[in-house]
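The values are calculated or read from the model by the stated rules, or taken from the named source; none is laboratory data. What you see is a predicted model; the values in this text were computed from it and never measured. Because the Cβ atoms are built from the backbone with ideal geometry, glycine has one as well, and the counts that use them run over all protein chains shown.
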Amino acid sequence: MSIVSGTQTDYRLGFADQTEEVRVDALAVSGEVPAWLHGGLVRVTPAQMDFEQRSVAHWFDGMAMLNRFGFAGDGSVSYASAFLDTAARRDALATGGTSIAGFATDPCRSLFQRVSSVFSQVTTDNTNVNLSRLGDEYIAMTETPVAVAFDPETLATVRADAGAKQFGQITTAHPHHGVGGDGVSELVNFAAHLGRTSEYRVYARRSASEGRVVATLPVREPSYMHSFSLTPRYAVLIENPLVVNPLKLALGGKAFIHNYKWKPELGVKIHAFDRATGALARTWVADPFFVFHTINAYEDGDDVVVDLCAHDDASIIELLELDRLRSGSDHSDLGARPVRLTLPAGGGRATVRELADVDLELPRINYRTRNGQPYRYAYGGSAGGAAFLKRLVKIDVTDGSYAVWDEPDAWAGEPVFVARPGADAEDDGVVLSVVLDAAEGRSFLLVLDAQTFTEIARAEAPHHIPFGFHGQFFSA
């Protein structure tokens with residue numbers, strides 16, 4: 001097993017298990033937390049990688065823990081953490097980890113003898129990637145059609161929701177909030193339905209029991225797609241040239257992602273589906289790259305603009321294997337290039353240009369007012385030549401300028417923008433990030449003024465918080 005000590009003094013501490021569930025009513029705060037900040041920043045992290053018999057093989061397969069920094073509106077900050085109570089974690093604890101078969105952790109041979117299809121593996125409820133709202137519920141998600149509902153105040157697990165299974169075996173952890181033709185709010189997502197005849201499906205859900213297919217597209221070898229974009233008229237899919245033969249997935253025997261093949265000769269295909277009619281409106285092509293995360297998209301007349309974080313290829317997936325991350329080797333190339341795809345009316349070839357001379361991953365924007373609209377600012381994590389994603393950056397996508405927050409021994413997680421109530425300016429608010437202080441052996445919540453990108457406060461957590469992917473601010 002590959003185990004990292006909780007006494008590490010560099011970024012590897014972020015990949016050490018944290019199995020302690022705690023609740024602290026008031027953290028030590030330095031600086032001044034804005035009184036208008038009222039609610040909670042909830043993040044989900046892979047917090048347990050090691051078990052008695054076995055460790056997971058990939059960061060993406062660690063067991064999900066919720067972490068909440070609460071804001072009472074008086075400048076105080078509370079903290080709580082709790083594992084999601086899932087069948088995946090209960091089984092892992094009971095079997096010493098031998099039951100784990102996930103994104104890139106191969107199934108044990110004894111387990112595989114009892115599993116007839118990898119589709120059984122990809123229905124895991126270990127929802128450790130992202131959080132959202134579905135109707136009146138708060139849900140944790142991963143790349144399977146199973147979401148786990150939780151209480152955003154107590155962090156208690158409420159139930160597992162498998163309502164997206166009807167749309168496909170693989171979905172994304174990055175749905176978008178949209179509005180249907182009748183003006184009702186819905187959660188729009190993408191799924192791959194794999195079978196003798198496979199197809200992409202864009203679908204929308206309004207609650208755990210209500211959903212519909214928006215658009216479909218037949219496909220012979222489905223692409224791995226971690227996210228997509230939404231504009232007022234279009235759902236935009238970006239097909240990575242990382243594809244799978246559905247038969248290999250059906251036969252199983254390997255972890256999910258190990259069945260995919262990198263085929264750069266395919267290039268990247270971008271499809272825009274009309275959200276009103278479901279028709280495939282246009283398709284474009286671009287030279288090969290690999291994308292986990294889109295930044296934003298919008299319509300510019302009849303053209304479509306998509307901004308995203310582009311990696312040269314899919315080797316980023318191997319770089320995130322747990323042994324590699326825990327080895328202390330250089331992972332400075334984890335950062336991607338922020339690029340803009342301009343997609344001309346009528347389809348054809350995309351025009352690609354870099355947005356700024358800086359690496360960027362885990363991107364965020366002022367989602368509430370700018371998603372699907374022209375925008376100016378993007379926030380994200382950046383390696384900047386360090387061994388792992390370390391610093392925070394704010395990019396002005398209109399001119400390529402950028403600001404940086406960085407500090408010795410500090411390893412910053414995804415930045416989450418929260419707008420000030422009544423704000424007019426796009427960047428009037430704060431940026432929240434959970435930062436690991438490796439020298440001190442614990443994490444803290446960082447509060448930046450989003451306009452100046454300078455620190456205004458921090459709150460010290462009681463222990464280190466393992467690195468995670470995504471979180472959301474839920475208003476009180």
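None of Glu440, Glu407, Glu414, Glu426 is assigned to a loop (DSSP other than H, G, I, E, B), more than 20 Å from Glu153 (Cα to Cα) and within 22 Å of the chain's Cα centre (by Cα) except Glu414.
Of the residues Glu354, Glu361, the single one that is among the acidic types (Asp, Glu), within 27 Å of Arg420 (Cβ to Cβ) and modelled with pLDDT of 95 or more is Glu361. Within the range 333-371, restricting attention to residues that are among the small types (Gly, Ala, Ser) and buried (at least 20 other Cβ atoms within 10 Å of the Cβ), the residue that is farthest from Glu318 (Cα to Cα) is Ala350. Strands (runs of 3 or more DSSP E) fully within the range 143-243 that include at least 2 residues being surrounded by fewer than 18 Cβ atoms within 10 Å (Cβ to Cβ) and not aliphatic (A, V, I, L, M): 198-207, 210-219. Of everything listed in (1) touching a strand residue (DSSP E or B) at 6+ places or on another chain (Cβ under 6 Å); (2) at pLDDT below 95, the single unmet condition for Leu343 is (2).
Counting only residues that are under 27 Å from Leu247 (Cα atoms), touching a residue at least 40 places away in the same chain (Cβ under 8 Å) and not aliphatic (A, V, I, L, M), the range 176-195 holds 2 of them. Here is the figure for the range 107-142: residues that are charged (D, E, K, R) and either at pLDDT 90 or above or buried (at least 18 other Cβ atoms within 10 Å of the Cβ) (or both) total 4.
For the range 451-476, a tally of residues being assigned to a loop (DSSP other than H, G, I, E, B) and modelled with pLDDT of 95 or more returns 12. Among the residues of the range 420-430, those identified as among the hydrophobic types (A, V, I, L, M, F, W, C) and surrounded by fewer than 22 Cβ atoms within 10 Å (Cβ to Cβ) are Ala423, Ala425. Every condition in (1) buried (at least 16 other Cβ atoms within 10 Å of the Cβ); (2) assigned to a loop (DSSP other than H, G, I, E, B); (3) out of contact with any Gly (no Cβ under 6 Å at 6 or more places or on another chain) is met by Leu445 except one, and the failing one is (2). Mind checking whether some residue in the range 221-243 is β-branched (Val, Ile, Thr), over 25 Å from Phe417 (Cα atoms), in contact with a strand residue (DSSP E or B) (Cβ under 8 Å, 6 or more places away or on another chain) and without any contact (Cβ under 8 Å) to a residue 24 or more places away in the chain? Checked against the condition, which is being β-branched (Val, Ile, Thr), over 25 Å from Phe417 (Cα atoms), in contact with a strand residue (DSSP E or B) (Cβ under 8 Å, 6 or more places away or on another chain) and without any contact (Cβ under 8 Å) to a residue 24 or more places away in the chain, the range 221-243 yields at least one hit.
The single residue among Gly471, Gly400 that is out of contact with any strand residue (DSSP E or B) (no Cβ under 7 Å at 6 or more places or on another chain) and either closer than 27 Å to His58 by Cα or small (Gly, Ala, Ser) (or both) turns out to be Gly400.
Across the range 385-408, the number of residues qualifying as at pLDDT below 95 and on the phi > 0 side of the Ramachandran plot comes to 1.
For every residue, the table says whether it meets (1) more than 22 Å from the chain's Cα centre (by Cα); (2) within 29 Å of Asp302 (Cα to Cα); (3) charged (D, E, K, R); (4) surrounded by fewer than 17 Cβ atoms within 10 Å (Cβ to Cβ).
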site	(1), (2), (3), (4)
Tyr379	no, yes, no, no
Phe388	no, no, no, no
Arg391	no, no, yes, no
Ile395	no, yes, no, no
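For the range 428-458, the set of residues classified as more than 21 Å from Lys394 (Cβ to Cβ) and either touching a residue at least 40 places away in the same chain (Cβ under 8 Å) or touching a Leu at 6+ places or on another chain (Cβ under 6 Å) (or both) consists of Ala438, Ala439, Gly441, Ser443, listed by residue number. Reported count of residues in the range 199-238, each being acidic (Asp, Glu) and at pLDDT below 95, is 1. Applying a threshold of 6 Å to beta carbon distances and a minimum spacing of six or more residues, or different chains, the list of pairs starting in the range 325-344 at a residue that is more than 28 Å from Val268 (Cα to Cα) and ending at one that is modelled with pLDDT under 95 and polar (S, T, N, Q) reads Arg326/Ser2. Only residues that are small (Gly, Ala, Ser), surrounded by fewer than 21 Cβ atoms within 10 Å (Cβ to Cβ) and at pLDDT 95 or above were counted across the range 245-275, and they come to 1. The selection criterion, being at pLDDT 95 or above and out of contact with any Phe, Trp or Tyr (no Cβ under 9 Å at 6 or more places or on another chain), holds for Gln18. Of all residues in the range 315-327, those satisfying the criterion of being under 22 Å from the mean Cα position of the chain (by Cα) and surrounded by fewer than 23 Cβ atoms within 10 Å (Cβ to Cβ) are Ser315, Ile316, Ile317, Glu318, Leu319, Leu320, Glu321, Asp323, Arg324, Arg326. Looking only at residues that are among the aliphatic types (A, V, I, L, M) and assigned to a strand (DSSP E or B) in the range 393-404, which one is farthest from Arg353 (Cα to Cα)? Selected residue: Val404. Selection of strands (runs of 3 or more DSSP E) fully inside the range 1-106 by the criterion of at least 1 residues being crowded, with 20+ Cβ neighbours inside 10 Å returns 38-48, 63-72, 77-83. When the residues of the range 403-419 are filtered to those that are surrounded by fewer than 20 Cβ atoms within 10 Å (Cβ to Cβ) and of a type in the set (Asp, Glu), which remaining residue is nearest to Thr7 (Cα to Cα)? It comes out as Asp409.
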